[in-house]
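A quick write-up on the structure given underneath.
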Amino acid sequence: MSASTQRGNIADALAVFGEVKEHEPLARHTSLRIGGPADYLVSPRTVRTIPGLLACARSLGIPVTILGNGTNLLVRDGGVEGMVLRLARCNSITAIGPDTLVAESGVPFPRLVRDAARRSLTGLEFAAGIPGTVGGAVRMNAGAHGGELANVLECIDMVTLHGDILTLPVERLGMGYRKSSFPEGVVMSAVFSLRPGDPQEIRKVTEANLEKRDRTQPVLTPNAGSFFKNPEGDYAARLIEEAGCKEWEEGDAVVSGRHANFIVNTGKASAHDVETLANRVRDRVMQKFGIELEREVRVIGREKKA
């Protein structure tokens, strides 16, 4: 069997569960506008098809990578082997009772915040402006403005890469600062426990958080969000700025002049440019302060062949 025939057979098998694009450039699907091609980019039709899709990938012997909205992510220039699972179509929000929302993993987080506000439910105002999807936000315990997802999350439904379908309460998710610890797999949906609130106060806090984000972050230039985690008791942006790294460049990758913990793509930056720049920044902060910055942005994929 030729390689092209084998690829076609794999694509046909995956297409039973959703839309399949072969050799799809992931730069089209990441907030940094950077990334080589996915062997197979698959968008399942509904969350109900995800277990079957993962079973199909296992039977084909191809690896699986999860992609939400492509935020908080750097895809290397050589692309990603196997199947990249894009969850954009899994995007429903359902109310259960007066103060509980169930959101599928592909729901954009800003949309969930708006939906809660529209229902006069408080608890998610801290997340106004956080990009990405619910599934990604759960994985990294997304947070801002002194709040974090773990404070309002009740439980998740997920399917492991081995095919087990689990319902896990928040207590079993191992949530800490910008991290979680639960089995590898796909978050299918999450349940949020909120509280009735004053609509005007909810709107006031939400708008204030959005205004601060727009004023302090490079929201109009492609970026992946905060590149490094804040060290305990300090801020990565402060360390980077005081280390003299602000506006450092590597090709078209630049340390933002507006917020030093953002690396922006000012044109045609490669993943190699971004990684090289991030490593220079990390090394400089270590040299000056003796603090090793830990990446918040997830890096996936293959190096580009010379």
**Item:** Within region 47-101, considering residues that are in contact with a helix residue (DSSP H, G or I) (Cβ under 8 Å, 6 or more places away or on another chain) and among the basic types (Lys, Arg), the one farthest from Val299 (Cα to Cα)
**Value:** Arg86
**Prompt:** Counting just the residues of region 86-114 that are of a type in the set (A, V, I, L, M, F, W, C) and crowded, with 24+ Cβ neighbours inside 10 Å, which one comes out farthest from the chain's Cα centre (by Cα)?
**Reply:** Leu101
**Fill in**
Condition set of a type in the set (Asp, Glu) and in contact with an Asp or Glu (Cβ under 8 Å, 6 or more places away or on another chain), scope region 230-282, selection surrounded by the fewest Cβ atoms within 10 Å (Cβ to Cβ): answer is Asp252
**Message:** Looking at region 57-85 only, could you name the residues that are within 13 Å of Ala13 (Cα to Cα) and buried (at least 20 other Cβ atoms within 10 Å of the Cβ)?
**Reply:** Ala57, Met83
**Restricting region 143-165 to residues that are assigned to a strand (DSSP E or B) and among the acidic types (Asp, Glu), the residue that is farthest from Glu211 (Cα to Cα)** = Asp157
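Where a number appears in this text, it was derived from the coordinates with a stated rule and is not lab data. Every value quoted in this text rests on a predicted model; they were computed, and no experiment measured them. Neighbour counts are summed over all protein chains in view; Cβ atoms, including those assigned to glycine, are modelled from backbone coordinates with ideal geometry.
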